[in-house]
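The values are calculated or read from the model by the stated rules, or taken from the named source; none is laboratory data. Note that the structure is a prediction, hence the values are computed from the model and not measured. So basically every Cβ, Gly included, is an ideal-geometry build from the backbone, and we count neighbours across all protein chains shown. Accessible surface is based on the protein model in full, side chains and every heavy atom, while ligands, DNA and RNA are left aside. Shrake-Rupley method; radii C 1.70, N 1.55, O 1.52, S 1.80 Å.
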Amino acid sequence: MWENFGFEFVNYYFIPGLVLGCIYALGAIGITLTFGILRFANFAHGEIMMTGAFLTWTFLEISNIFLGFYMHPLIACTPAIFIAIFLALSVDRYFYKPFRDSPTIIIVMASFGMMLIIRSLVQVIWGPNQITFVKGIAKPNSYLKDFSSSMDMMLLVPSKHLFIILGTIIIMLAFNYMLTSTRIGKAMRAVSDSPDLAKVTGIDVEQVIRATWIVGGFCAVMAGVFMAMDTQFIMSTMGFRMLLPMFAAAILGGIGRPFGAVLGGLVIGFAEELSAYPWFGNGPLLSPGYKSGVAFSILVLMLVFRPSGILKGRVF
Amino acid sequence: MSSIKSIMTVKDLFAGYGETEILHGINISVNDGEIVSIIGPNGAGKSTVLKAILSQIKINQGSINLLGKNIVSIPTSQIITKGISYVPQTNNVFVSLSVEENLEMGAWVNPNNTQVKLQEMYELFPDLGEKRKQPAGSLSGGQRQMVAMAKSLMVDAKILLLDEPTAGLSPKYRSEIFSTVRKINGSGVPILMVEQNAKQALGVSDRAYILVDGFNRYDGTGDELLKDKEVARMFLGSRD
Ligand SMILES: Nc1ncnc2c1ncn2[C@@H]1O[C@H](COP(=O)(O)OP(=O)(O)OP(=O)(O)O)[C@@H](O)[C@H]1O
Ligand SMILES: [Mg+2]
């Protein structure tokens, strides 16, 4: 076993951990932005992810019917992104905006309600069952380097994983550029810093809030599509199941800290995958069934010992 | 005699927080070219007057005129657009943004001349030029106050409202801020300033109002108030 340690570890634990981490990181960005700028924990965030994945699937099927082939999911997700962002903006306008000046708990409850409403609507439209994402296309693995003819001594990176990792890196770079170098991005940081000061400075806070939904919605859809590409299926509960690790990532990184969320997402992704590695003996350290418990444990430990997160976010 | 141009007039203002009324009929006016101070004990309602002008709190009665137009019940963002610049008493810089980003945010309502304005601000506050890339939260109290003032001057203000610009500062910074206030005023911006350092404030002010418990108590020119025995005993004794 030990002579293959490096490859086995990288292929079956490190790369999947990195991929999962990328997905969580993208999802956690939206959660942490909403918290920083609108000051509430948005339970409906996972549903935007899930809806984006279902819409993308729908556009894939449409392309198959009308064009005779499946587009790449990263092309099919473009209209899905617009629709999901429109959905997020509408939800804000009609369900959250009326509660802007109400106690936080009210808007949190509103988002909890939205979570149930959106999921139920998706179940009405697409059904409650699991759907295969991209039928019939078994993506071949890409072998980055052939160290020997032995299967055990190769770096295996499926092309879907390359897409996910590279896609996430590009989104992160763009996101970083926006926050540090554009007017609206700086205003987002300003509002996150102090909404009251932003108001008396004349910053159009509602415009900043809309930008937040657009960025958060975009990242959420990308996370949902990446998740669907990775697992090859979608279902209406996928958003909800990712909510806990995404919250854990956001809190781990420091709530309201976008780059903390990225870091937190990667840590949670790795922790979940690596928890199943046979660190001692032959069996997995933790049965893969306990994966989601890992995120939960990290969340609890963080809240107990360092509630401000790695990058010192807000404590509430 | 040249005619006096009124910039802002607060008339019979009743305002407060929710059900609690704090201001019970306040009158304040600022004319072109003036520095006007509001002084008075803690809790007198000085900051509340500025918040009312900014439309941040509930106004029950009265009027606030800016250049002849009533601005009561106009949303805060529009009041800023109309030319009122405001530096709050506390929490007046974006701590996680750099000095330069703070100033850029100050120019939000009119970003066209940002580069020119930035240069002007770095001339007015040379310290800030050196620290332009540092987060405002890492600066000393005096420097933060300068960031806050520079940020509010990034747009062409018709009037500048300052809430205790020298609170908690060392004597050196205090004098520096007062002389900057004079300089800003010298460049043609009328100033309405709340101050705790009453003597120094009266020294730089054309006129001043003394508020107590939400009422006007005294007003007059800076010199008149400085010479008034009762004012000196009640409001200037304990400080400075
Ligand atoms: N957000 C608020 N909600 C309710 N009451 C408030 C609020 N802010 C201030 N007050 C009350 O309004 C009154 C006037 O406060 P204000 O801040 O205007 O005083 P001030 O004259 O500026 O005093 P200081 O010199 O301490 O700054 C005080 O009694 C204060 O307790
Ligand atoms: Mg005050």
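To the nearest hundred square angstrom, how large is the accessible surface buried between A and B, total for both chains, probe 1.4 angstrom? Approximately 1800 Å², summed over both chains. Sequentially through segment A:26-41, phi angles give Karplus couplings (6.51, -1.76, 1.60; θ = phi - 60°) of 4, x, 5, 4, x, 5, 6, 5, 4, 5, x, 9, 9, 6, 8, 7 Hz, Gly and Pro residues having no value and appearing as x.
Carbon and sulfur together cover what percent of the accessible area of the protein assembly as shown at a 1.4 Å probe radius? Before the final figure, lay out the partial values.
Details: 14970 of 24600 Å².
Percent of accessible area from carbon and sulfur atoms in the protein assembly as shown: 61.
Per-peptide packing, taken as the mean over residues of other Cβ atoms within 10 Å, places B:190-196, B:138-144 in the sequence B:190-196, B:138-144 from highest down.
For residue B:216, the residues 5 or more places off, or on other chains, whose built amide H falls under 5 Å of its own are B:27.
For chain B, the mean residue ellipticity at 222 nm estimated from helices alone is -9000 deg cm²/dmol, where every DSSP H run of n ≥ 4 contributes -39500 (n - 2.57) and the total is divided by all residues, rounded to the nearest 500.
In terms of its C-alpha gyration tensor, segment B:1-116 comes out oblate, because a/c is 1.5 or above while a/b does not outweigh b/c.
Within the shell of other residues whose beta carbon sits under 13 angstrom from the beta carbon of residue A:241, the net charge comes to 0, with Lys and Arg scored +1 and Asp and Glu -1. Surface exposure of segment B:181-232, expressed per residue as accessible area with a 1.4 Å probe, stands at 45 Å². Averaging over all projection directions, the Cα-based convex hull of segment A:202-316 occupies 9.1 nm² in the image plane. Calculated mean residue ellipticity at 222 nm for chain A: -22500 deg cm²/dmol, from DSSP H runs with n ≥ 4 weighted as -39500 (n - 2.57), summed, divided by the residue count and rounded to 500.
In terms of overall dimensions, segment A:47-97 has a Cα radius of gyration and Dmax of 12.7, 43 angstrom.
For the protein assembly as shown, the gyration tensor built on C-alpha atoms gives a prolate shape. Its axis ratio a/c (a ≥ b ≥ c) is at least 1.5, and a/b is the larger of a/b and b/c. Near the amide H of residue B:14, within less than 5 Å, lie the amide hydrogens of B:25, B:26, B:60, B:61, B:62, all on another chain or at least 5 residues away, with H placed in the peptide plane.
In angstrom, the C-alpha Rg and Dmax of chain A are 20.1, 67. Relative to one another, the C-alpha centroids of segment A:244-316 and segment A:16-70 are positioned 20 Å apart.
Above 26 Å, the calculated P(r) of chain B contains 37 percent of its Cα-Cα pairs.
Mean-square fluctuations from a GNM of chain B, with a 10 angstrom spring cutoff on Cα atoms, peak among B:221, B:20, B:76 at B:20. Pick from A:251, A:117, A:268 the residue whose mean-square fluctuation is largest in a GNM of chain A, springs joining Cα atoms under 10 Å. Sorting by GNM fluctuation, first place goes to A:117. Using protein chains only (no ligands, no nucleic acids) and a 1.4 Å probe, work out which residues of segment A:192-235 have their accessible area cut by at least 10 Å² relative to the chain alone. In segment A:192-235, residues shielded by partner chains: A:193, A:194, A:196, A:197, A:199, A:200, A:201, A:202, A:203, A:204, A:207. Highest mobility in the GNM of chain B, judged by mean-square fluctuation with C-alpha springs under 10 Å and restricted to B:49, B:212, B:181, is found for B:212.
Considering only alpha-carbon pairs that sit under 8 angstrom and 6 or more positions apart, the relative contact order computed for chain A is 33 percent. Taking a Cβ cut-off of under 13 Å around residue A:297, the surrounding Lys, Arg, Asp and Glu residues balance to a net charge of 0, with basic ones at +1 and acidic ones at -1. Altogether, the Stokes-Einstein calculation at 10 °C and 1.306 mPa s, with the Kirkwood radius of segment B:62-144 over Cα pairs as Rh, returns a diffusion coefficient of 110 µm²/s.
May I ask for the Rg/Rh ratio of segment A:22-142, computed from Cα atoms with Rh as the Kirkwood radius, given to two decimals?
Rg divided by Rh gives 1.04.
Modelled label positions at residue A:292 and residue B:234, each set 7 Å beyond Cα in the direction of Cβ, lie 6.9 nm from each other. Along each principal axis, taking the top coordinate minus the bottom one, the Cα set of segment B:124-207 gives 38, 29, 18 Å in descending order.
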